[in-house]
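Below is one structure, written out as structure tokens, with a few remarks after it.
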Amino acid sequence: GAVVSQHPSWVICKSGTSVKIECRSLDFQATTMFWYRQFPKQSLMLMATSNEGSKATYEQGVEKDKFLINHASLTLSTLTVTSAHPEDSSFYICSASWQSYEQYFGPGTRLTVT
Amino acid sequence: LAKTTQPISMDSYEGQEVNITCSHNNIATNDYITWYQQFPSQGPRFIIQGYKTKVTNEVASLFIPADRKSSTLSLPRVSLSDTAVYYCLVVRDDKIIFGKGTRLHILP
């Protein structure tokens, strides 16, 4: 299947700083990318959907000014957690799809805010 | 999107066939049914997808009755490495909403 990568795989940052997470589709062009968040022992929660060249669509309850999503090209989407706080510590997962019902998921990024 | 309901957890033994059933009573005509597997601290991995009747690939089979209000994922001859969380999802227009999943524990 198609490969999606995320960078970094884990990151530790101090409270109040911003962190950027990259999601790349390595062998296909992703028309749509998705960002999820997962807390321990819980399911994935969809945060936002982004289409290349347009603004992301955020799910209800997700602060768009805090979680900035940029989908600049068909192979790259970034999630920036601004002014991070300890409660933002979580496992962030992206996925990508191309005109199909199958989403290819990245390996995830573990964010710890101290 | 149609809500899915599946058992919270299941135990089975190595070499057994495991069937996980999911209900999706409000599935719409254009929705597909997809199953994903997730190991701890990893992204979900696609297992199988179907619309109706039966679909089989190299790792699993998916059974969907005519009314499509439920589906059953069948894993033949499981091994310890199949211990994971399995998510049943209804996909509409590329959008996926994850339910709680089934935590499958394979015993030796």
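Below are the figures for this structure:
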{"quantity": "DSSP-defined beta bridges in the range B:4-108 - what % are antiparallel, rounded to 5", "calculated": "85 percent"}
{"quantity": "Residue mean of other protein chain beta carbons inside 10 Å, B:91-99", "calculated": "6"}
{"quantity": "Kirkwood-Stokes translational diffusion coefficient of chain A, alpha-carbon pairs, 4 °C, 1.567 mPa s, µm²/s", "calculated": "93 µm²/s"}
{"quantity": "Antiparallel bridges, percent of DSSP beta bridges restricted to the protein assembly as shown (to nearest 5)", "calculated": "90 percent"}
{"quantity": "Fewest-first ranking of B:T83, A:T17, using other Cβ atoms within 10 Å as the exposure measure", "calculated": "A:T17, B:T83"}
{"quantity": "For q = 0.13, 0.15, 0.17 Å⁻¹, Debye-computed log10 I/I(0) when each Cα of the protein assembly as shown counts as one equal scatterer", "calculated": "-0.76, -0.99, -1.21"}
{"quantity": "Candidates B:P40, B:P65, B:P76: whichever shows maximal mean-square fluctuation once chain B is modelled as a Gaussian network with Cα springs under 10 Å", "calculated": "B:P40"}
{"quantity": "For the range A:43-106 versus the range B:42-88, the gap between their alpha-carbon centres in whole angstrom", "calculated": "26 Å"}
{"quantity": "Candidate lysines - alpha carbon under 22 Å from A:K41, same-chain residues fewer than 8 apart omitted", "calculated": "B:K3, B:K100"}
{"quantity": "Rounded if a/c under 1.5, otherwise prolate or oblate - the range B:43-108, Cα gyration tensor axes", "calculated": "oblate"}
{"quantity": "Relative contact order of chain A, defined on C-alpha pairs under 8 angstrom at six or more residues apart (%)", "calculated": "37 percent"}
{"quantity": "Disulfide-incompatible cysteines by the Cβ rule (no partner under 4.7 Å) in chain A", "calculated": "A:C13"}
{"quantity": "Other protein chain Cβ atoms within 10 Å, averaged over every residue that makes up B:43-52", "calculated": "4"}
{"quantity": "Of all DSSP beta bridges in chain A, antiparallel share, percent nearest 5", "calculated": "90 percent"}
{"quantity": "Highest to lowest packing among B:89-97, B:30-38, scored as the average C-beta count within 10 Å", "calculated": "B:30-38, B:89-97"}
{"quantity": "Order of B:T21, B:T53 under a 10 Å beta carbon neighbour criterion, fewest first", "calculated": "B:T53, B:T21"}
{"quantity": "Ranked list, fewest to most other Cβ atoms within 10 Å of each Cβ, for A:E102, B:E58", "calculated": "B:E58, A:E102"}
{"quantity": "Assigned charges on the beta-carbon of Lys, Arg, Asp, Glu; chain A dipole about Cα centre (debye)", "calculated": "240 debye"}
{"quantity": "Shielding by other protein chains, A:102-109, mean Cβ within 10 Å", "calculated": "5"}
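Read-outs throughout are calculated quantities, based only on the coordinates presented, and are distinct from any laboratory measurement. If you're wondering where the values come from, they're calculated on a predicted model, not measured in any experiment. Every residue, glycine among them, receives a Cβ derived from its backbone with ideal geometry; neighbour counts consider all protein chains shown.
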